[in-house]
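K.L.:
First, the structure itself, so that you have it in front of you.
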Amino acid sequence: MPKSPGTASRLRLGKRLTLLSGKRSAHPRQQDGTGFPGREETPRRRPLTIGTMALLLFAVSAAAVGQVMLKHGMHVAVARAAATRGPLALAAATSPWVLLGLVVFGVSATAWLATLSRVPLSVAYPFNALGYLGILTASVVFLHERTNAWTWVGTLLVVSGLIIVVLTRA
């Protein structure tokens with residue numbers, strides 16, 4: 001059933017008065033037109049600044065470093081637990097590498113939260129691809145793990161996806 005012409009004009013007048021008074025409408029449909037309660041218009045996209053990019057790269061790098069420290073710490077803990085015939089959980093909980101890895105990982109989580117407050121998730125999350133590359137490189141260089149060409153090809157494809165996301169963002 002169509003609304004009477006008077007209803008539409010009253011709604012427009014109500015919106016004008018709301019805008020002038022600075023008060024929000026009690027009716028979400030009237031407020032933003034989406035029909036979703038509590039949903040407001042999304043803010044305009046802010047460009048990635050150098051500081052925001054540095055924070056994002058720090059968060060991803062710290063997460064990668066934390067993961068490598070945790071892996072090294074668990075390797076040491078397994079060897080110590082086997083040598084002492086003690087529980088692995090105790091050896092891991094007292095391993096300086098595991099504890100330091102957890103601290104670094106906690107710092108990375110805090111930096112990630114700060115990043116998410118500034119950058120849309122759809123832009124920030126693909127940067128985790130750099131973490132894959134960093135972890136793969138560190139596992140080969142520092143942990144002396146073996147890898148094959150397909151692992152490198154797959155990782156480079158993921159990083160290529162990151163580059164596409166970043167370039168299409170501009």
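The values are calculated or read from the model by the stated rules, or taken from the named source; none is laboratory data. For clarity, every value in this text was computed on a predicted model and none was experimentally measured. With ideal geometry, Cβ positions are generated from the backbone for all residues, glycine too; neighbour counts draw on all protein chains shown.
K.L.:
Kindly list, by first and then second residue, each pair from a residue in region 88-109 that is free of Cβ contacts under 8 Å to residues at least 24 places away in the same chain to a residue that is part of a helix (DSSP H, G or I) and among the small types (Gly, Ala, Ser), limited to pairs with Cβ atoms under 6 Å and residues at least 6 apart or on different chains.
P.N.:
If the second residue must be part of a helix (DSSP H, G or I) and among the small types (Gly, Ala, Ser), the pairs left are LEU88/ALA81; ALA91/ALA77; ALA91/ALA81; ALA92/ALA77; SER95/GLY73; SER95/ALA77.
K.L.:
Oh, and also: Can you find a residue in region 96-114 that is modelled with pLDDT under 95 and polar (S, T, N, Q)?
P.N.:
Within region 96-114 (the criterion being modelled with pLDDT under 95 and polar (S, T, N, Q)), the answer is no, since none of the residues qualifies.
K.L.:
With GLY131, GLY66 as the choices, which residue is in contact with a helix residue (DSSP H, G or I) (Cβ under 8 Å, 6 or more places away or on another chain), surrounded by 18 or more Cβ atoms within 10 Å (Cβ to Cβ), of a type in the set (Gly, Ala, Ser) and farther than 24 Å from ARG169 by Cβ?
P.N.:
Going through GLY131, GLY66 in turn, the sole match is GLY66.
K.L.:
Based on this model, can you work out whether ALA81 counts as modelled with pLDDT of 55 or more, surrounded by 13 or more Cβ atoms within 10 Å (Cβ to Cβ) and touching a Lys or Arg at 6+ places or on another chain (Cβ under 7 Å)?
P.N.:
It is false that ALA81 is modelled with pLDDT of 55 or more, surrounded by 13 or more Cβ atoms within 10 Å (Cβ to Cβ) and touching a Lys or Arg at 6+ places or on another chain (Cβ under 7 Å).
K.L.:
Out of (1) buried (at least 18 other Cβ atoms within 10 Å of the Cβ); (2) within 16 Å of the chain's Cα centre (by Cα), the odd one out for TRP97 is which?
P.N.:
Every listed condition holds for TRP97 apart from (2).
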